[in-house]
Structures are given as structure tokens and as C-alpha cells.
1. Can you name the residue in the stretch 495-542 that is among the acidic types (Asp, Glu) and at pLDDT 95 or above and, of all such residues, is nearest to Arg475 (Cα to Cα)?
2. Are any residues in the stretch 237-269 of a type in the set (A, V, I, L, M) and either modelled with pLDDT of 95 or more or part of a loop (DSSP other than H, G, I, E, B) (or both), and if so, which ones?
3. Among residues belonging to the stretch 419-432 that are touching a strand residue (DSSP E or B) at 6+ places or on another chain (Cβ under 6 Å) and outside any strand (DSSP E or B), point out the one that is surrounded by the fewest Cβ atoms within 10 Å (Cβ to Cβ).
4. Find the residue count for the stretch 308-335, including only residues that are under 30 Å from Met390 (Cα atoms), in contact with a Pro (Cβ under 8 Å, 6 or more places away or on another chain) and buried (at least 22 other Cβ atoms within 10 Å of the Cβ).
5. Quick check on my filter: what residues within the stretch 548-579 are assigned to a loop (DSSP other than H, G, I, E, B), surrounded by fewer than 14 Cβ atoms within 10 Å (Cβ to Cβ) and either β-branched (Val, Ile, Thr) or within 43 Å of the chain's Cα centre (by Cα) (or both)?
6. Contact list please: Cβ distance under 6 Å, first residue in the stretch 592-612 and farther than 20 Å from Pro128 by Cβ, second residue assigned to a loop (DSSP other than H, G, I, E, B) and modelled with pLDDT of 90 or more, pairs at least six apart or on different chains.
7. Quick one: in the stretch 84-106, of everything that is crowded, with 24+ Cβ neighbours inside 10 Å and of a type in the set (A, V, I, L, M), which residue is farthest from Met200 (Cα to Cα)?
8. Can you tell me which of Cys116, Cys131 is modelled with pLDDT of 90 or more and assigned to a loop (DSSP other than H, G, I, E, B)?
Amino acid sequence: MRVWVAAAALVAASVGVELAWDAVRTAAACGCLSPPAPVGDEEFAVNQQAEQIIFEVEPGFVTAHVLIQYAGAPESFAWIVPVPSVPELSLSATGAFGLLEQLTAPQVGVGTQNICPVSEWQCRYHDPLWCGGDDDDFPGGFVDAGASSSDASDNPTPDGVDIVDRQTVGDYDTIIFSAGDTAAAVAWLQGEGFIVNETMGPYMQPYADGGMLFVAAKLLPGAEATAIKPLRMRFAAPAPMIPLVLTAVAAEPQLTVTAYLVGDAFMRPVGHPVVEIDPDRLATDGSGRFNYPMVLARAIDEAGGDGFAIEYAGAVPVPTFDNGSSCCEQDGDWCGLGGNGQCECPRDAFDAADCAKQTDLLEGLALLDDLAARHTRMTRLTTRLSPEEMTFDPMFEPVPEGTFPTVVSAFGTQLSLAGCETQIFDPAMYGDITGLQDCAAVYCGAGTCASTWAGAGCACDAGTVARVFTDLDGRPSVTCVPETPPVDLEAGGIDLPDACATLDCGLGRCVDLNGVPACECDGGAVAVTDELRKLPYCRPIDELSGGPGSDDFSEALRELAVCAPPPPVCGAGGWLEHVGSDRVGASCGYEQPDPAELVPPPAPVCDDGGPFGMGCGCRGGGGAGGAVTALGGLALAGALWPRRRRAPRAHRG
């Protein structure tokens, strides 16, 4: 069970706010989403592995819609965020975040180029004949929470802590307060029933020293964790800001933070670089896992650890639900969808009864419609950081007129020898290269990626250990983190379980990181993970990649010698013609054709046969202009031997 200990992110954000990514490969820029298939809440659900916030930027004011996610006992939920001025509080719409994720997903992907040798010979055929006969002969806005003030509790407010307001917002008990002494504020919040610990004080103090206020929220007695909804906070501020320093208290490694900045200009980070995605690094590993999240993390680290990717810049997207079927958003129910018990057209009155239970979706649509009606631009900015990197609070500013931001649009090409594996001269080397390809979807950070028989993993640098976390695509990843966490939660009075009580690291030792297990591997071993364990385990190294991973290692396939294929078999009516090839392959003795196969057979003729004057000669094969290529397969004796183990070595190229 995961319990977030009072923390915050985004000038309004939480620790545990996490963003969706399964559809990151293709951006639905048109805004068309789904039907006529039924629309389900799960289709527009937010991803659980990132923080998300929607910022509305207006002159002198910022409105933050903060997605809060939490796993644990309802009574243990607590959330604290700094704000520059007294905010107006209400609830927002969860569905808007899932919709925005789909509508603004970056345009990234990877294609495959097969580099198996191609025969120098192609089949040719006579032109087909036509022997007579005519063609005819052949048969709203955000959700008003109804916020109301409540009486102060019996817990006395200490010196240096001033309550500005206390409200019930939906199922939240919220307090807006200032704190000159954040340690006293933490102790007071504990008396108010907020589950916070002493480690929060030092991280809150810089915000208090800067004159900022704090918003604290907890669930009302009896409310379930499912009652947690996004908070909407509108406050006076010159620009939006993300309080990452406070987020470090309980953040996961490589936490993804995405801000949707809505206004009348595109936005960029102030004093922090905008990173470019190298398309040559985009690839998949042996399981087909796409590595965009890992490449993004590496690009940010190489830019200094504080960069952002502009993943979308354009108009505020307005979702539509007519995907070419012409069933939705019409004058009437032309497809007869109304009253069928399924929600296909959420915007149409005829489907209103069927869609009535899709409250998150309908509220999300209303919010995006409201944003699009009042603003002309949206910028999606994303970063990935680990707790030790959260040492700054980025702000955002408008892009100067005439300057267009760099939007992520990157497509890589991955090499493959699929189909000719049995013709490779050195199958052991082929095994080494394909094993290293698993490092494409691993990013070790302060470590080196290596392959093992159980997949790729991390050999961590001195002072770091391997930890497994849930990545942006919802699958477990391994990376290297400091052996000493930046925040010691036990020092704040939290009683944490012994994370190493039941973990066996194999060829290494277990390290307890604030109740989370990590592994320090022995020399010659690397920490890997798998879908079932979701924990690190040290295994012997097969091949060292020479880098942190998150790269395409398939280029090394060009080094391999592969037998040239035999000429294609043309069949009756065809013959072989030499056309040359830029991928001939190595001679293995069977790539030259029989001279008899080079002689064209007689051309077909009409013979007045059949009711349409169409004889069998009219049924010749493909035209002379269309060559047919076939890659013959010849298995070498003992072709793909089991991959042999070698001493670890640096990757060749």
C-alpha cells in the first residue's frame, strides 16, 4: 500500500499526482476521440505515474487545477501546497486531465527497417492480355464545490501561525494559513488531524520566508479515498510556478511532471532549457516496450537536470466524438444511438440519458469547452526529475511574439534482421546485440546499462543503488538513486517497515530507502526487474552497453555478415532478371540462379476460347513493370547456436 505523506507539487500540485501516457506515440491533434464505440470512463482515465496540473494564465491571476492522486487509508490523506496569495477554492473535473492527455500527446514513434540482404534477382512476367469483352460484361466549466467556511477547531494556533480561512470544499477540510515557524505549523497541523511529519518543516520554510501562504487539505470524516477530486485554486500571481522543492519529500524516481498552460500566448520555462528529443535514440526493447519516457529523462539530465520538453503548443483542444461515422454532433440521431444504454455521443442531447452516468467525462468536457471559449493558446510542458534533483521551483513566461516553441515530434528508425536470423555468420554476436537492445527501455542515470539472461538492468555508480519504480507507461523500471535519500522520513517520526526483511538481492545486498527496498550489486552483477516481482534483483552481466541506456543499439546489426539469399522462385510464365541490390549479403554459394531461369517463356496470346473470346493465355501473371521479390530461406547447419557467455565488455560502436 502506498501512502503519500503530506507533500505538494506544482504551485498547486501534490505528490502522487501522476500523468497518463499509453497513447504518447500519436497525437490526436484534430480533437476527435472515440465513437461510435461506447465511451467509458477508463478510456479517458489519467495515468497514475505523473503529476499533472492545468494552469490558466490571466493578467495578474493564475488559476491552478490540480490533479490529486492518493493510495492508502482515507484518514491518512493529507496534502499541502504553497500559494502566493489567498486563493479561491473549489473542485475541478478529473476527466479534463485524461482528455487533455489524449488530445495533446506528443508525436513520437519508431519504425523498423529490415536490413536482411536482398537478392540481385527479381521475377519478371509478360504483360497480361485483354482478349475482348467490356467491363460491364463482368458481373462547462469547473465544478462549483459549494465551499463554505467552518469554525476553527479547539486546537490552539501557535505563535507564528495565522489561519487565513478554513473551508469545507467538497469532501475536503481545507485550511489556508501563513507560517513564520514551519516546525510549529507542522506540530499544529498534526493536532488538527493532518498526517504530516517533522521532515516537512525545513522544506516548507523557504516558501514561508518568501511570504507565501499554504493550503492544507484532508478528507472529511467518513469520506472514502474515491472522494478525492482535483482542486481548483485561483489566486493573484504574476506567473505560474511549480514548487518542486516541496515535492522532493515523497517523490518517486524519475517523477514526470506535466503542466498544461492555458492563456493567450505560448509559454516556456524561465531560466531553464527546452530539451530536444534525439530521434536516433527512440527504439523498442525485445518485448516491444517503447522508450520515449526513458529518452526524455536522459535528455533532461543531459541538459542539466532542469529542462522541459514542449510536448504540445497549439489551440486549446476541444474534443469531438464524430470519428467519420457522422453519428455524433448532428441535427438528429441518424444512427439510432439514443436510448441504447451506451454512451457514444456525449455532446448530443439524444444520448444525454445514456451518458448521464459518465459524470467525470461530462465535467471534463465542460471544463475544456470553458477554457477554449476564454483562451486561445495551450502549451504542454513536461519534465522528469528524481527527488535529489528537485532543488528549484520553475516559473513560466509567455513566448515572445513571433517565436514558436519547439513541439515534440520525433520518429526513429530501428534496424532489424527478422527473417534472416538463420543466415547470420556469427549468431553469438547477434545474441549480444539483441540482448543489449533491452537497454533501449532502461535509463540508469548514474549507472551503466547492461544485459543479462533475464533482461537489461543497471550497474550503479559508487554511492548509488538500484531501485525499481513504476514508469510513465505503467510498467516497472529500474534506475540508480543515491544510497542516502535526500529526505529521511524516519527522522520525522514515521514508523516505517523494514524494507529488507523479505528481499533477497541475489548477487548483492539490500538497502532500505525510507521503507523502499533497493539493491547494491556486487561487481560483475547488475540490478534487473521483471513484471511480476517489481523489485530489483542482481544478476550476472552478459554485456555492458557503455552508457546509461535509453538508446537504440540496433545500428550494430550492420556489422554482421549475413548470407545472400537465393534467387526468388518465379513459377510458370516468369523468368529472372538481374536488377542489382545495395544489400547483396555474403556469398554462401546459392545466390546465383540456374541459367535456364533467365530465359523468358513465350508471351501469352488470345485463342478465342470462352464466351468472351478469352483464352487461357489471357490469364498471364503480373506485368513486366512490376517485379516481384522473394527472399528465400536456407538454414545453415546448426544455425542459431545458444548465446555464449563472454566477459563483460564495452559495446562495439
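1. For the stretch 495-542, the residue satisfying everything is Glu520.
2. As a first pass, look at the stretch 237-269 and keep what is of a type in the set (A, V, I, L, M): 237, 239, 241-242, 244-246, 248-251, 255, 257, 259, 261-262, 265, 267.
Within the stretch 237-269, Ala237, Ala239, Ile242, Ala248, Val249, Ala250, Ala251, Ala259, Leu261, Val262, Ala265, Met267 qualify.
3. Restricting to residues being touching a strand residue (DSSP E or B) at 6+ places or on another chain (Cβ under 6 Å) and outside any strand (DSSP E or B), the top hit is Tyr430.
4. Within the stretch 308-335, the first condition is being under 30 Å from Met390 (Cα atoms), and the residues that meet it are 308-314, 316.
This time we only want the ones that are in contact with a Pro (Cβ under 8 Å, 6 or more places away or on another chain), so: 308-313.
Keeping just the survivors that are buried (at least 22 other Cβ atoms within 10 Å of the Cβ) gives 308-312.
Residues flagged as under 30 Å from Met390 (Cα atoms), in contact with a Pro (Cβ under 8 Å, 6 or more places away or on another chain) and buried (at least 22 other Cβ atoms within 10 Å of the Cβ) within the stretch 308-335 amount to 5.
5. Ala561, Val569, Val579
6. From the stretch 592-612, the pairs are Pro593/Pro567.
7. Ranking the qualifying residues of the stretch 84-106, first place goes to Leu103.
8. Numbers: Cys131 fails: modelled with pLDDT of 90 or more.
Answer to the selection: Cys116.
The values are calculated or read from the model by the stated rules, or taken from the named source; none is laboratory data. All values reported here derive from a predicted model rather than from experimental measurement. Positions of Cβ are backbone-derived with ideal geometry, glycine not excepted, and every protein chain shown enters the neighbour counts.
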